[in-house]
Amino acid sequence: AAVFSAAPAVAGPYVNVEANQKFDTGDYTSTLTEAHLGYEFDLGKDSSWYIQAGPGTRSTDGEGTEYLASGKVGISTALTEKLGAYGELSAISAEEWDFSDLGVGAKLGLKYSF
């Protein structure tokens, strides 16, 4: 039974700043930086979900900087004491906070803690 127990989830507000670089055949093309304010909600049984949103900038090599809006919603759960699963949906505006053409993404994963 101890294998299936884990520390309780911590819920509340947080700040998440993330920068992702993009490379095309080894050459740098752009950096997307997102600064989000978020809130995590405890679902009990070692599970939680979160929502976060805020501004972003995309700096493209040789083309300048775009100012965007982005957001994410996700869920995570402990499968065992050391293994967890998570899923996330994200959206980002096309350019200059234009919501008529959103880029949407999805992520699923497993996280193993040593």
- Message: For percent of Cα pairs over 25 Å apart, one of [x] 27; [y] 35; [z] 20 was computed from the structure I shared and the rest are decoys. Which label?
- Response: [y]
- Query: According to a simple spin-label model (label point 7 Å from Cα along Cα-to-Cβ), what is the distance in nm between THR29 and SER113?
  - Reply: 3.6
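Looking at the chain, which longest stretch skips every one of the GluC sites (Glu not before Pro) that is in a DSSP loop with at most 16 other Cβ atoms within 10 Å, leaving the sites themselves out?
On the way: sites that count: GLU63, GLU81, GLU95, GLU96.
That gives 1-62 as the longest site-free run.
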- Item | Sequence of LYS22, LYS45, LYS82 from largest to smallest accessible area, 1.4 Å probe | LYS45, LYS22, LYS82
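Sort TYR14, TYR112, TYR86 by heavy-atom solvent-accessible area, probe 1.4 angstrom, most to least. Walk me through the numbers on the way to the answer.
Details: TYR14 60, TYR112 125, TYR86 90 Å².
Sorted by accessible area, descending: TYR112, TYR86, TYR14.
The values are calculated or read from the model by the stated rules, or taken from the named source; none is laboratory data. What you see is a predicted model, and the numbers here were worked out from it, not measured in a lab. So basically every Cβ, Gly included, is an ideal-geometry build from the backbone, and we count neighbours across all protein chains shown. These area figures cover heavy atoms from the full protein model, side chains too; ligands, DNA and RNA do not enter into them. Shrake-Rupley method; radii C 1.70, N 1.55, O 1.52, S 1.80 Å.
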